[in-house]
C-alpha cells in the first residue's frame, strides 16, 4: 500500500489519473469516488487537483531564463521520466479482492455493473456517451469562468488587476475542494443525484453572478462554481466504474477525458465571443445557466441499477 501512495503523489498530470484511479477504485470498492480521488482509506492525497499549479513557479522561472519553447521541452522530459517511473509502483489488487469484512450494500450492488466491460464495449453504450456529455457540459461551464476570472472580477467589482489576481487565487482552491467534497457526497447519495445537484446549483450560481458587485460575494459564488467544476472530475471516474466495472475504468475514463479537451476550447471561446459581441458578461453567463438547466436532465437518464448493454 505504501508503494501505491508514493506513485500517486508523484503523478504529475491529470491526463495520467485514469491509471491511478483504476488502481485506487479497485482498492476502495466501498468508497469508489473518495478512494479514486486518492483521499479514501487507501491513499491520503492525490496530485490531480493540484498538479496544474505545482509546475507554475518552476515554469515561470524557466521561461524567464531559457524561454517558452525550452521550458516546454524541459517540463516534457521531466514528465516523461517521472510518470512512467511512478507508474511502476502502481499495482492492482488480486482478482476479486475486497477489504476484509466488506460486502457491498444492496443499494451499491444495484447501481453497479454485473461484469467488467472492455473499452470497445463501453463506447457502444448510451451510458458512456451520456457520461461524456455530462463531463463536457460541466467542464465547459467551469472553464468558461476560469478563462475570464480576472477581467470578470475587475468588471463586476471594479477592483484593480492585482486585487483580481488575488481573488483568482482564492477561488482556484474551489477546484480542489470540489473534487473531495462531491466525490465524498456521491458515495453517499449516488453519482446520478450528485451530478443533478451540481447542475441545479450552477443554474442559480451562473444566473446571479453578473448581478454581483461585492468582491466577497463574487469570491463565494465563483468558488462554488469551481467546486462543481472540480466535482465533475472527482465523481466521473467512479460513475464510469459503477456502470462499466472497475477493471477497465482506466481506458474507459481516459477516453472520456476527450470531453475535457473539447470543452477547454469551446467554453472559453464562447465566453470571449459573447463578451466581445455584447460588451458584457451577462449574456454569456445567463446562457451557461440555461445550458445547465437542460443538462440536469442527463443524470436522471442514468437509472440506478440499469446495466450497459
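Just a few scattered comments:
- Which of 74, 281 has the fewest Cβ neighbours within 10 Å, and the rest in rising order: 74, 281
- Here the spin labels are modelled as points 7 Å beyond Cα on the Cα-Cβ line, and at residue 265 and residue 79 they lie 1.8 nm apart.
- Sequence of 195, 72, 266 once ranked by neighbouring C-beta atoms within 10 Å, starting from the fewest: 72, 266, 195
- Highest average packing first - 214-224, 283-293, 248-258, Cβ atoms within 10 Å: 248-258, 283-293, 214-224
- Look at 302, 69 and count the other Cβ atoms within 10 Å of each Cβ; fewest to most, that gives 69, 302.
- Region 246-304 and region 125-152: distance between their alpha carbon centers, rounded to Å: 3 Å
- Distance between the 7 Å Cα→Cβ label points at residue 294 and residue 88: 5.0 nm.
- Volume in Å³ per residue [convex hull over Cα atoms, computed for region 117-301]: 103 Å³
No lab work stands behind these numbers, since they all come straight from the coordinates. Computed from a predicted model, the values in this text were never measured in an experiment. Neighbour counts are summed over all protein chains in view; Cβ atoms, including those assigned to glycine, are modelled from backbone coordinates with ideal geometry.
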